[in-house]
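Here the structure is laid out as structure tokens; the discussion comes afterwards.
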Amino acid sequence: MAKATIRIPPKGIPHDELLRRLRDLAGHDADWKGHRLFSLVYHHSDAHTDFLKAAHGLFFGSNALNPMAFKSLKRLEAEVVRMTAGLFHGGDDVVGTMTSGGTESILLAVLAYREHARRHKPWILRPEIVVPASAHAAFYKAGQYFDVRIVRAPLAADFRADVDAIRRRMSWQTIAIVGSAPCYPYGVIDPIRELGELAARKGVGFHVDACVGGYLLPFVERLGASERLGDIPPFDFRVPGVTSMSADVHKYGYAAKGASTILYRGMDYLRHQFSVETEWCGGVYASPTLAGTRPGGAIAAAWASLNALGDDGYLANAGALMATARTYREGIRAIPGLEVLGTPLLSLMAFGSVKGGVNIYAVGDFLEARGWHVDRVQNPAGLHLILNPGHAAVAERYLSDLREAVEYVRVHPEASAEGSAPMYGMIAKLPLRGLVKKNVLAFLEKMYRADPDATVLTDGSGNDDSTAGGVEAGDDVPPILRTMLRAWARVTHRG
């Protein structure tokens with residue numbers, strides 16, 4: 001624990017040395033430049049990234065906390081909001097702000113609906129928002145933060161929101177419902193038109209979470225039928241019941257990290273997102289979003305990205321992405337024993353094993369051993385992909401490794417009891433969800449303890465080359481339970 005006493009150095013370290021250290025640390029991160037990462041990073045091209053760095057740097061020291069001091073940032077933010085509103089067929093009354101990311105956008109939407117209900121429906125004592133099971137986890141974070149009950153509704157067989165299930169879970173305390181376009185886990189688009197009709201009929205708000213696909217869907221919709229993966233249903237302000245939308249510019253808008261948007265059909269909703277304090281000793285304090293200080297670089301880079309790529313650039317990107325998505329989707333479907341979950345219409349998808357097939361988490365372990373960074377979903381178990389232009393170059397290699405992984409796990413069912421597969425299987429199927437939550441909380445506590453080496457995590461596959469302070473998901477599962485889980489995996493996947 002000696003390293004926990006790290007202090008600011010008594011003398012400044014030369015810039016070259018510090019940059020060398022930073023490059024060394026970055027060398028241990030996931031290889032997104034080699035296109036072996038299928039989430040977290042949205043990369044259009046090296047030239048575009050260099051341009052964003054320049055745009056970001058011009059506003060490196062600026063702060064959108066005070067739009068009177070930095071009028072340029074307010075202008076740039078307003079133009080990003082207007083361009084986004086136009087993409088989503090919003091009228092002149094559509095208003096919004098930029099935020100730091102999709103989570104903040106969702107948090108603000110939940111806050112605005114809660115405050116709107118307090119103003120217009122004061123008889124609601126415990127506000128509720130009904131969401132499909134595939135809605136982003138940020139809604140539950142918002143519920144935790146703002147004391148709003150998030151009611152989960154099961155999905156339909158096609159993994160889209162089940163409108164009837166959502167209707168049955170609505171009550172007199174429901175203040176809003178949610179749909180995704182698309183949802184993160186499966187890449188499918190919820191029935192937004194039908195959900196909008198339900199929201200309008202019940203007189204509640206309706207938020208469409210387009211964080212991941214908002215800057216891609218409008219362009220895919222315009223592609224020719226032969227270029228798309230299927231017809232795109234209405235998903236935006238064209239649907240009368242939609243009252244708010246969120247979309248991340250730093251995803252398929254290809255902006256720098258820290259840029260999202262939250263839009264409302266009118267000021268009657270947005271005003272409830274604002275915070276104003278008039279009695280503070282420091283003066284009147286007003287803030288439109290959760291953050292006080294708001295980095296100007298992220299706002300400027302978002303504006304620069306939308307203008308630099310332009311309508312034609314985004315349309316061309318959409319066509320290329322759909323071709324890449326078709327390659328992966330059809331390649332996965334061609335592998336015996338695998339199936340794509342639902343009908344994804346964009347460049348994100350999940351796939352799993354057919355009934356009685358191989359353990360898909362063991363397949364993920366095999367892929368990780370080959371150097372791929374693998375994301376997993378649960379209920380049902382699956383592996384997850386978010387594609388970017390560079391993934392076209394590695395499609396053949398990925399699909400080849402995937403075929404080999406499936407065959408290996410089929411021939412070696414014991415692989416289901418090794419690596420991280422039993423732990424992921426446990427997390428997905430263990431009925432004692434409180435134990436799972438306790439385990440994950442302990443995992444976070446270890447990761448954020450005083451020892452800096454605790455931030456170096458192993459992924460359960462044995463790939464990490466660090467030796468100090470590593471934390472593996474499942475570390476706090478009682479040994480007897482871990483042993484039972486591994487034994488269960490061996491029995492259920494034998495032969």
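The values are calculated or read from the model by the stated rules, or taken from the named source; none is laboratory data. This is a predicted model, so every value here is computed, not measured. Counting neighbours? That spans all protein chains shown, and the Cβs are built from the backbone with ideal geometry, glycine included.
Residue-wise test of (1) more than 27 Å from Asn66 (Cβ to Cβ); (2) in a helix (DSSP H, G or I).
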{"position": "Val212", "(1), (2)": "yes, no"}
{"position": "Glu227", "(1), (2)": "yes, no"}
{"position": "Phe235", "(1), (2)": "yes, no"}
{"position": "His250", "(1), (2)": "no, no"}
{"position": "Gly258", "(1), (2)": "no, no"}
{"position": "Arg271", "(1), (2)": "no, yes"}
{"position": "Gly283", "(1), (2)": "no, no"}
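Candidates Gly102, Gly96: the one that is touching a Phe, Trp or Tyr at 6+ places or on another chain (Cβ under 7 Å), closer than 30 Å to Met349 by Cα and in contact (Cβ under 8 Å) with a residue 24 or more places away in the chain is Gly96.
Scanning the stretch 383-398 for residues that are without any contact (Cβ under 8 Å) to a residue 60 or more places away in the chain and touching a helix residue (DSSP H, G or I) at 6+ places or on another chain (Cβ under 9 Å) gives Leu383, Glu396.
Conditions tested, residue by residue: (1) on the phi > 0 side of the Ramachandran plot; (2) touching a Gly at 6+ places or on another chain (Cβ under 6 Å); (3) surrounded by fewer than 19 Cβ atoms within 10 Å (Cβ to Cβ).
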{"site": "Ser226", "(1), (2), (3)": "no, no, yes"}
{"site": "Phe235", "(1), (2), (3)": "no, no, no"}
{"site": "Val242", "(1), (2), (3)": "no, yes, no"}
{"site": "Ala247", "(1), (2), (3)": "no, yes, no"}
{"site": "Leu263", "(1), (2), (3)": "no, yes, no"}
{"site": "His272", "(1), (2), (3)": "no, no, no"}
{"site": "Gly292", "(1), (2), (3)": "no, no, yes"}
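For Tyr361, are the conditions met, namely being at pLDDT below 95, outside the structural domain of Tyr215 (by TED's automatic domain parsing) and surrounded by 18 or more Cβ atoms within 10 Å (Cβ to Cβ)? So Tyr361 fits the description; yes.
When Ser39, Ser45 are checked against the criterion of being outside the structural domain of Pro295 (by TED's automatic domain parsing) and touching a strand residue (DSSP E or B) at 6+ places or on another chain (Cβ under 8 Å), a single residue qualifies: Ser39. Scanning the stretch 151-179 for residues that are of a type outside the set (A, V, I, L, M, F, W, C) and assigned to a loop (DSSP other than H, G, I, E, B), which turns out farthest from Phe139 (Cα to Cα)? By that ranking, first place goes to Asp158.
Elements of the type strands (runs of 3 or more DSSP E) sitting completely within the stretch 318-393 and holding at least 2 residues that are of a type in the set (D, E, K, R): these cover 375-377. Taken together, the residues in the stretch 37-65 that are in contact with a Leu (Cβ under 9 Å, 6 or more places away or on another chain) and either in a loop (DSSP other than H, G, I, E, B) or among the hydroxyl-bearing types (Ser, Thr, Tyr) (or both) amount to 6. Before we move on, is Arg228 over 20 Å from Phe139 (Cα atoms) and modelled with pLDDT under 95? Against the criterion (over 20 Å from Phe139 (Cα atoms) and modelled with pLDDT under 95), Arg228 does not qualify.
Condition check ((1) of a type in the set (A, V, I, L, M); (2) touching a Phe, Trp or Tyr at 6+ places or on another chain (Cβ under 8 Å); (3) within 17 Å of Gly187 (Cβ to Cβ)) across all residues:
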position	(1), (2), (3)
Glu339	no, yes, yes
Leu345	yes, no, yes
Leu348	yes, yes, yes
Gly357	no, no, no
Arg370	no, no, no
Ala392	yes, no, no
Val411	yes, no, no
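Residues in the stretch 129-149 that are surrounded by 21 or more Cβ atoms within 10 Å (Cβ to Cβ), within 13 Å of the chain's Cα centre (by Cα) and closer than 20 Å to Ala165 by Cα: Ser134, Ala135, His136, Phe139.
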